[in-house]
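One structure is given below, encoded as structure tokens.
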């Protein structure tokens, strides 16, 4: 029985005629995969049907074609191995049960460590819309993936409640990420249960930020502890804050912004141990609701109004939405709309999420290279077309052996 959202092939056309293992092996070369596998203690016998390296590439391939079953992805690997120059032997298509056992043995750690090895900001000085002055534009946000309705997944991840107090059909895993706004490259990520709030999970990511980064976030992340954790490494921040937050005017600045301070929610009356911030207030008019302009309040660590005028920061904040676009690429187009992840165990879910993040990174790296070669803004390239191009490439480009 197919899982929710899975599409059965309508013809006899082989998946291996359309997939591009070549991109995955170029982005994640066999030598790196082997090193990561060894680092994680997952090395296996090279004579086995599904050695760890092949299982890593299998997970990546099943995420590239998430709507296909194990059998079709296995045939892809068979075709690729048959045509790879360094592989002159034969490779039997493994059964679904054998693939499942191999995935369990591999676990999520090698995919997570592989992501940590390769996921980096991509933009250089010539990349359009990736910078504001000396700052690299970054954003933090979270999303969720539906996972199969098993007791193990429900116990590990939990599920949201409906407006009637009932529970939704599927548990959900929460993913919080840092993304480079100019390239949509997801550079760091952390996973957790749906029952854990995004700001809590985000604390795992803030150590990756440093001088030269300008991190943007929505109002759900605002809070003194979060603010201090995100700026501790020297990064500058530009976050939206709730309109109801108490921000006393300490000093007005020539550009219309003002200096204030934020305190912990528990200290809002005494305002003990404050942190100085600069506040920018403005409204956006929605053509669909002309009588109801939306008020915005931003706070930033950049206190010098000459270095970053208020009007420029207000306009810049819209770049935060680029991380939402990256999530849309990942979930709607790469994974498939309304599709449930295939893994029935929490460890398999985590492995699959890291696989999706790796594939998205590979496609975005390809797009950034293409944009550089043509002098184009990466935002002007179509992720959908790039994904289709990757899937159409022949498996003769495969470049790995078991």
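No value in this document is a laboratory result; all are computed from the given coordinates. Fair warning: this is a prediction, and the values are worked out from it, not measured in the lab. Counting neighbours? That spans all protein chains shown, and the Cβs are built from the backbone with ideal geometry, glycine included.
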Simple spin-label estimate for residue 344/residue 117, 7 Å along Cα→Cβ, in nm, reads 3.1 nm
Modelling each spin label as a point 7 Å along the Cα-to-Cβ direction, I'd like the residue 150/residue 283 distance in nm, to one decimal.
5.3 nm
Return the FRET efficiency for the residue pair residue 195, residue 124: r is the Cβ-Cβ distance, R0 is 51 Å, and the value is rounded to the nearest 0.05.
0.80
How much length is gained if the chain between residue 164 and residue 245 is pulled fully straight, taking 0.36 nm per residue apart and subtracting their Cα-Cα distance, in nm to one decimal?
26.2 nm
Label zone at residue 39, where the point sits 7 Å out along the Cα-to-Cβ direction: segment 347-380 residues whose backbone N lies under 19 Å
351-362
